[in-house]
Amino acid sequence: MSLAWPWALLALPLPWLIWWRLPARVSADRLRHPLVHSWLAASDSREPARSGRLGFWLWLVWLLLIVALARPQTLGPPLIPTQPGRNIMLVVDLSLSMAEADMEWQGRPLSRYQAVQAVVGDFVRQRRGDALGLVVFGDFAALQAPLTPDVEAVEGVLRTLQPGMAGNSTAIGDGLAMAVQRLHEVQASDAVIILLSDGENTAGELSPQQGAEAAEASGVRVHSIGFGAEPRLGVFSMSGSTVDEATLKEIAERTGGQYFRARSTEELAEVYRQLDALEPSPQRSLNARQARDWFWLPALVALLVLSLGRWLALARRPV
């Protein structure tokens, strides 16, 4: 329960201020309403208990009217728009090299995929009002989540995956082509692909260039991310390869997207913040909620109290 106009509560002490500022005779002369006049007459009698009760009920009526004026209401859950603002396919590298623990977050070591789960999961949660899907690739590409406005479901799938589940290699071209195909099948407008990889294309039936060609033909923007720390001399690397920046940059430029390089978890988080700004959801800023007003309830109670007071005044009037 909340109040739409809480400032109306400032009027609560108004009767007391009027009574305090004006002489009793002037106040009585100006209050000409028959009901109030009869109540005031009763309050001037020599029955203190009755006068106290009358004052209590008058203040109660005033309080109820002020609460009604403040418009108490209950708010429903946020209204999710039926039409998504953006159609976004996440294409994530799930090769064995994503298990390499060369990332760090809040002072503790992480694998590359754990960093992706943390950062991309946060990005997904912020995309309410959009439709998201998820494709992963290793030796082959696999659709893990079709395009859906249920962003919690996509985040849940992202949490359950593990590096190497799709094989050890990196089929960038197949992953990109599958995402384009799924967007084309549902005739998604304003479609965007966010491609993340930590290596170079070493498997699959299609090359990254062929995947980029399909995206360009379908009018799909591809933002590509090269993720992973720079190889250090004398340190064993599970992948044995580095990020193919030239290919990822070519894919982005050809489709009208942007290329980003992230060498740490912090840099990856910054990349997704930039992507959030590049691809804003037009309807995400609408924090619409269905409101149910309850002002009639205190107003009705105030009317009943007034009616009861009038009836009691008439009943006690001497015949």
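Within region 148-173, residues that are more than 20 Å from Ser111 (Cβ to Cβ) and touching a residue at least 40 places away in the same chain (Cβ under 8 Å) reach partners that are assigned to a helix (DSSP H, G or I) and β-branched (Val, Ile, Thr) with beta carbons closer than 7 Å, at six or more positions or on different chains, in the pairs Val154/Val124. What number of residues within region 89-112 are assigned to a strand (DSSP E or B) and closer than 22 Å to Thr170 by Cβ? Result for region 89-112: 7. Scanning region 74-101 for residues being touching a Lys or Arg at 6+ places or on another chain (Cβ under 6 Å) and at pLDDT 85 or above gives a total of 2.
Here is a check on your reading of the model: is Phe56 outside any strand (DSSP E or B) and in contact (Cβ under 8 Å) with a residue 40 or more places away in the chain?
On the way: outside any strand (DSSP E or B): yes; in contact (Cβ under 8 Å) with a residue 40 or more places away in the chain: no.
Answer is no for this residue.
Of the candidates Gly121, Gly85, the single residue that is assigned to a loop (DSSP other than H, G, I, E, B), of a type outside the set (Ser, Thr, Tyr) and farther than 21 Å from Gly204 by Cα is Gly85. Just one of (1) surrounded by 19 or more Cβ atoms within 10 Å (Cβ to Cβ); (2) in contact with a helix residue (DSSP H, G or I) (Cβ under 8 Å, 6 or more places away or on another chain); (3) farther than 23 Å from Phe260 by Cα fails for Pro208. It is (3).
Taking only region 100-117 into account, find how many residues are surrounded by fewer than 17 Cβ atoms within 10 Å (Cβ to Cβ) and either in contact with a Phe, Trp or Tyr (Cβ under 8 Å, 6 or more places away or on another chain) or without any contact (Cβ under 8 Å) to a residue 24 or more places away in the chain (or both). Please lay out each step first, then the result.
Narrowing region 100-117 to residues surrounded by fewer than 17 Cβ atoms within 10 Å (Cβ to Cβ): 101, 104-109.
When the remaining residues are screened for being either in contact with a Phe, Trp or Tyr (Cβ under 8 Å, 6 or more places away or on another chain) or without any contact (Cβ under 8 Å) to a residue 24 or more places away in the chain (or both), the result is 101, 106-109.
Number of matching residues: 5.
Per the listing Ala115, Ala145, the residue uniquely outside any helix (DSSP H, G or I) and under 26 Å from the mean Cα position of the chain (by Cα) is Ala145. A single entry from Val222, Val180, Val186, Val136 fulfils the requirement of being out of contact with any helix residue (DSSP H, G or I) (no Cβ under 6 Å at 6 or more places or on another chain), assigned by TED's automatic domain parsing to the domain that holds Glu266 and at pLDDT 95 or above: Val136.
The values are calculated or read from the model by the stated rules, or taken from the named source; none is laboratory data. Keep in mind that this is a model prediction, so the values were computed, not measured. Methodologically, a virtual Cβ is constructed for each residue, glycine included, from the backbone with ideal geometry; neighbour enumeration extends over all protein chains shown.
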